[in-house]
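Below you'll find the structure, written out as structure tokens, and then a few comments.
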Amino acid sequence: MSVRVLVVDDQAVVRAGFAAVIGAEQDLTVAGEAGDGAEALRLARTTAPDVVLMDIRMPGMDGLAATRELTALAPPARVLILTTFRRDDYVFEALRAGASGFLLKDCYPQDLLDAIRTVAAGEALLAPAVVRGLIDAFVSGAVVPRAARDDRLDALTEREAEVLRQVAKGLSNPEIAAVLGIGRSTVKTHVTAVLAKLGLRDRTQAVIYAHETGLASR
């Protein structure tokens, strides 16, 4: 079965370009195109896309508000944010709202296609530049943490907490394995346990959680 993608951008030319790239792939299908968040919600309810490719800055209902609504649907839509902004409060709010990934609009077409497939498979995706921006924003105070100490952290083992700290740095499983001197499969097991114990959906939420609770800075 092909992955159904809803393309949302207020610029028709941009939408057409994304749709052309996506439509050329055998395993991907354009489920529809929308020019703002409200239209995206209407189409999402009727077309049930697997992935929503979302511009973040649009007139009317913007990508942030739309992401909140889309991720609240049953079943929730998986939202992949595309924008020109590397450091943008909207980006962090969209991730907090439940977006599954974030890419810059100047990415290569293949990176876009890979990102759609990754998000459709249930994984989170953040461009390296975005991870660095997210971490820098928390460290510099540009993004203010919302949560204080969370008792759920007590459920983590010492090793799981350390793995979460590495995830918060934007490291991949192979990189974490190298840093901690453990096997990749062991890292994967720890990451799965961390997400389950903390009630988090994916690595994107884990990065934000670790910074907002202060675990990343310990």
* Asked: Among 206-212, 40-46, what's the highest-first ranking by average C-beta atoms within 10 angstrom per residue?
  -> 206-212, 40-46
* Asked: P(r) of segment 10-55 in 10 Å steps, Cα pairs, percent per bin?
  -> 27, 58, 15
* Gyration tensor (Cα) of the chain, equivalent ellipsoid semi-axes in angstrom -> 30, 18, 16
* To the nearest 10 degrees, how steeply does helix 12-23 sit against the main Cα axis of the chain, on a 0 to 90 scale? -> 70
* Determine ³J(HN,Hα), in whole Hz, for all residues of segment 46-57 in sequence, where each value follows from phi through the Karplus function 6.51 cos²θ - 1.76 cosθ + 1.60 and θ = phi - 60°; x replaces Gly and Pro. => 9, 9, 6, x, 7, 9, 10, 8, 10, 6, 9, 10
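Test of understanding: what is the full-extension gain from D114 to D150, defined as 0.36 nm times their sequence separation minus their Cα-Cα distance?
Working: separation 36, 0.36 × 36 = 12.96 nm, distance 3.44 nm.
That works out to 9.5 nm of additional length.
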* Given charges of +1 on the Cβ of Lys and Arg and -1 on the Cβ of Asp and Glu, with all other atoms neutral, how large is the dipole of the chain about its Cα centre, in debye to the nearest 20? -> 500
* To do: For segment 167-218, would you read off the P(r) tail past 12 Å as a percentage of all alpha carbon pairs?
  => 63
* What spacing in nm lies between the two simple spin-label points modelled at E158 and L180, each 7 Å away from Cα in the Cβ direction? -> 1.3
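Roughly speaking, what % of Cα-Cα pairs in segment 20-103 are separated by over 20 Å, rounded to a whole number? Write down the numbers at each step before the final one.
On the way: 974 of 3486 pairs.
The answer is 28 percent, as a whole percent.
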* Rounded to the nearest 10 degrees, what's the angle between the helix 203-212 long axis and the longest principal axis of the chain, both from Cα atoms, 0 to 90? => 60
* To do: For helix 109-120, report the angle its Cα long axis makes with the longest principal axis of the Cα atoms of the chain; keep it between 0 and 90° and round to the nearest 10°.
  => 70
* Asked: In sequence order, what are the phi-derived ³J(HN,Hα) couplings for segment 156-167 according to the Karplus relation 6.51 cos²θ - 1.76 cosθ + 1.60 with θ = phi - 60°, rounded to whole Hz, with x for glycine and proline?
  -> 7, 6, 4, 5, 4, 5, 5, 4, 5, 4, 5, 4
* Structure fact -> Expressed in nanometres to one decimal, the distance between label points 7 Å along Cα→Cβ at C107 and E123 is 1.2
* Asked: Want the number for Q26 to T46: 0.36 nm per residue separation, take away the alpha-carbon distance, what's left?
  -> 4.9 nm
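Throughout, read-outs are computed from the coordinates displayed, never taken from laboratory work. Fair warning: this is a prediction, and the values are worked out from it, not measured in the lab. Cβ atoms come from the backbone with ideal geometry, glycine included; neighbour counts cover every protein chain shown.
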